[in-house]
Amino acid sequence: MTKIAAAAAVVMAVTLPALPAAADEAPDARPDVPVGTWLAARTQPAVQLTSFTYTGTVAVPTSTINENAFNRLVEQATATVLSGKISSDERSIAKWIFQRIAANVDTYLTATTPERTVDAEVGGLCTGWWVTPDGYMVTGAHCVQVGETELSQLFAQQALAKFNKQDAKEIISGLQGIEADEEIVKLAQQIYVTFNTGHMKLRNLKQSLSVIQSLPGGGVDKTAKPVPAELVSVGESYPGKDFALLKVNGQQNLPTVPLGDDADVRTGDILYISGFPGLVTNTAFFSLESRLEPALTEGPYNAKRATQTGVPYIQTQAPSYHGNSGGPVFSKDGKVIGMLIAGTVSEGGEASESESFVLPVSIIKEKLGEKNIKPAQAVTSTRYNEALNDFFRHYYEDALPKFREVQALFPNHPYVAKHISDSQQAISAGKDESPKPILMWVLIGAGVLLVVVLILVLVMLLRRRRRRPEPPFGPPGGGGYGAVPPPHWQQLPAGQAQLPPPAQPAQGPYGQGGSGGYGPGGYDPNGYAPGGYGAPAYGSAPHNGHVQHGPGQQAPPWPPQAQAQPPGWDQTRDVRYGKFAPPPDDNSR
């Protein structure tokens, strides 16, 4: 049985497949996929597009030319032409005059009535991220409010374009006989951009903040709608502590991202920025679905910096753009280590990919603590992350119920519906590699072991049966299986049979050979050998491979084979129960 158990163990080791290695892994361990792929999938549901909007009425006065000042300017232009400093053609003179007016518009233009008004709306798009399941969101301070000067510039760009073009057209029409080229048109428009912006007034100003969310059953598509958000707290814009906290009411089970620590990263580590670059969200030829999906960029942690007021910032080469502001920055472990705030901009307004600045997570925790807000991991995110890990490992049957649980917890989830569909398709295509439950493996192993043991026992029994000795008794017969061969002195050709040699005292293993016993080379016609069953010794019989029945003894095979006998012998004699029946005396030698 020891051999059987050992053989069964070997067979099981060969037959049973090994349990999948992933079954021993922690549920939150990263599957064998790139860090960026894993991070993007886990964090995107918590990263949201945010918007701030200002609405109001813009009022600007009508402008007229100050004739006295304008006449003096014309005289100066004439003197400049006479001195040879400018060309004497009318186009050159007009350009010179417009340049002087644009440099000091209030000297040459006067505000008059009627006042002109227009309703306008300005705003911007940024990035925010959920920090609690009940609707608290973190973003940048400059993403929720702007200074008065900057706000005026935004309204001027948005609302005054129409007025600026009309006013420029009128002043150009006053240039009698001069055909305005592109340079003159730009100079004229610049005059009124400066004047109208300087005299503009804002009335009925209102601010609103919102987060772009998908509706129940929807995804990152046209079902996404702005949801109002409340401004809870706001810090100072860059280079200060550029932090803002929003609250969206009526929320539960929102996906969140966990906060890490400043010490989680250091110079040389790779950082990952998630957000909505304005070059996508502000470009009309991209679909709405494309504009509502965050982008992930990565780059090394370059250095730790500090502003003149002592605010720490991290410099990184991870690319960022307008619109990325307020977006979370992650370590390779998927924890927030800061928030993207600023980047250097070239003279042409283009972002520099080599210099992005990140507000460390310690400042974010400090600001949350001031409002007694404790970051929390949502059950939605926990289950979603587990489902994603199963999905990436091709455990589609394991992932599917978890994705459905996420959908039940948070119907507005923007990505779970697609993962459910993808999992179902993978299962239908036979791509599922989910590991079997441990109980199933135990049952399979027990069944295989039982079958192996039964087979081995059967094999052992068959082998033993083949090795069993033939029975020492049997019916007389000739020529059959197990027939007893005659002594060697009888094995002669037919017709040449000889009588046995003279009898000699038979020496058996247990005493003298008696009548009827075969001693070594002798035969006693007077009876059988005393000593009982098994006493006769067949020392002179050929062995023929038969099993021995005593020390050094070999029993004759059974049943005996028919052999030619000497004349007068009784051929019915046989051995039964250990006794030998001799032939009648009249047939003896």
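Restricting the range 391-420 to residues that are among the hydrophobic types (A, V, I, L, M, F, W, C) and more than 14 Å from A41 (Cβ to Cβ), which is most open to solvent (accessible area, probe 1.4 Å)?
Our first condition is that a residue be among the hydrophobic types (A, V, I, L, M, F, W, C); within the range 391-420, this holds for 391-392, 399-400, 403, 406, 408-410, 416-417, 420.
Then drop every residue that is not more than 14 Å from A41 (Cβ to Cβ), which leaves 400, 408-410, 417, 420.
Details: L400: 20, A408: 81, L409: 49, F410: 15, A417: 44, I420: 17 Å².
Among them, the one singled out is A408.
So which residues in the range 279-296 are open to solvent by 30 Å² or more (accessible area, probe 1.4 Å) and polar (S, T, N, Q)?
Listed by number, the residues that qualify are N282, S287, S290.
Sort through A29, A40 and tell me the only one that's at pLDDT below 95, open to solvent by less than 70 Å² (accessible area, probe 1.4 Å) and under 23 Å from T256 (Cβ atoms).
A29
Quick one: which residue in N253, N204, N249 is over 30 Å from F70 (Cα atoms), in contact with a Gly (Cβ under 6 Å, 6 or more places away or on another chain) and either open to solvent by 20 Å² or more (accessible area, probe 1.4 Å) or touching a residue at least 60 places away in the same chain (Cβ under 8 Å) (or both)?
Details: N253 fails: in contact with a Gly (Cβ under 6 Å, 6 or more places away or on another chain); N249 fails: in contact with a Gly (Cβ under 6 Å, 6 or more places away or on another chain).
Of the residues listed, the single one that is over 30 Å from F70 (Cα atoms), in contact with a Gly (Cβ under 6 Å, 6 or more places away or on another chain) and either open to solvent by 20 Å² or more (accessible area, probe 1.4 Å) or touching a residue at least 60 places away in the same chain (Cβ under 8 Å) (or both) is N204.
For the range 378-390, state whether one or more residues are touching a helix residue (DSSP H, G or I) at 6+ places or on another chain (Cβ under 9 Å), within 30 Å of S362 (Cα to Cα) and not in a helix (DSSP H, G or I).
Taking the range 378-390 first, the residues touching a helix residue (DSSP H, G or I) at 6+ places or on another chain (Cβ under 9 Å) are 378-381, 383-390.
Going one step further and asking which of them are within 30 Å of S362 (Cα to Cα), we end up with 378-381, 383-386, 388-389.
After this cut, where a residue has to be not in a helix (DSSP H, G or I) as well, the list is 378.
Scanning the range 378-390 turns up at least one residue that is touching a helix residue (DSSP H, G or I) at 6+ places or on another chain (Cβ under 9 Å), within 30 Å of S362 (Cα to Cα) and not in a helix (DSSP H, G or I).
Based on what the data block shows, is I270 closer than 30 Å to F163 by Cα and of a type in the set (A, V, I, L, M, F, W, C)? Write out each step before concluding.
Details: closer than 30 Å to F163 by Cα: no; of a type in the set (A, V, I, L, M, F, W, C): yes.
So I270 does not fit the description; no.
What pairs can you find where one residue is in the range 29-41 and in a loop (DSSP other than H, G, I, E, B), the other is open to solvent by less than 20 Å² (accessible area, probe 1.4 Å), and their Cβ atoms are less than 6 Å apart, with a gap of 6+ or different chains?
R30/W38; P31/N389
Where residues in the range 423-438 are under 22 Å from P34 (Cβ atoms) and open to solvent by less than 50 Å² (accessible area, probe 1.4 Å), which of them is nearest to the chain's Cα centre (by Cα)?
Residues of the range 423-438 that are under 22 Å from P34 (Cβ atoms), as a first pass: 423, 426, 431, 433.
Next cut, open to solvent by less than 50 Å² (accessible area, probe 1.4 Å) only: 423, 426.
Numbers: S423: 13, A426: 15 Å.
Result: S423.
Which one of these does S214 not meet: (1) within 30 Å of Y136 (Cα to Cα); (2) surrounded by fewer than 20 Cβ atoms within 10 Å (Cβ to Cβ); (3) out of contact with any Phe, Trp or Tyr (no Cβ under 6 Å at 6 or more places or on another chain)?
(2)
With the requirement that a residue be part of a loop (DSSP other than H, G, I, E, B), closer than 18 Å to V336 by Cβ and aliphatic (A, V, I, L, M), what does the range 248-267 give you?
Start the filter on the range 248-267 by keeping residues that are part of a loop (DSSP other than H, G, I, E, B), which leaves 248-258, 260-261, 265-267.
Filter again for closer than 18 Å to V336 by Cβ, leaving 254-258, 260-261, 265-266.
Correct list: L254, V257, V265.
Here are some conditions: (1) farther than 21 Å from F276 by Cβ; (2) open to solvent by 10 Å² or more (accessible area, probe 1.4 Å); (3) of a type in the set (A, V, I, L, M). A342 meets all but one. Which one does it not meet?
The single condition A342 does not satisfy is (1).
Considering only the range 381-390, I want to know if a residue exists there that is in contact (Cβ under 8 Å) with a residue 12 or more places away in the chain, acidic (D, E) and open to solvent by 50 Å² or more (accessible area, probe 1.4 Å).
Scanning the range 381-390 turns up no residue that is in contact (Cβ under 8 Å) with a residue 12 or more places away in the chain, acidic (D, E) and open to solvent by 50 Å² or more (accessible area, probe 1.4 Å).
Considering each of G310, G334, G299 in turn, give the residue that is of a type outside the set (S, T, N, Q), assigned to a loop (DSSP other than H, G, I, E, B) and surrounded by fewer than 18 Cβ atoms within 10 Å (Cβ to Cβ). Explain how you work it out, then say what you get.
On the way: G334 fails: surrounded by fewer than 18 Cβ atoms within 10 Å (Cβ to Cβ); G299 fails: assigned to a loop (DSSP other than H, G, I, E, B).
The conditions single out G310.
When you go through (1) touching a Lys or Arg at 6+ places or on another chain (Cβ under 6 Å); (2) open to solvent by less than 30 Å² (accessible area, probe 1.4 Å); (3) hydrophobic (A, V, I, L, M, F, W, C) one by one for F195, which number turns out not to apply?
(1)
The values are calculated or read from the model by the stated rules, or taken from the named source; none is laboratory data. As the structure is a computational prediction, the values presented were derived from the model and not from experiment. We place every Cβ from the backbone using ideal geometry, glycine too, and count neighbours over all the protein chains shown. Keep in mind that these areas ignore ligands, DNA and RNA; they rest on the heavy atoms of the full protein, side chains included. Shrake-Rupley method; radii C 1.70, N 1.55, O 1.52, S 1.80 Å.
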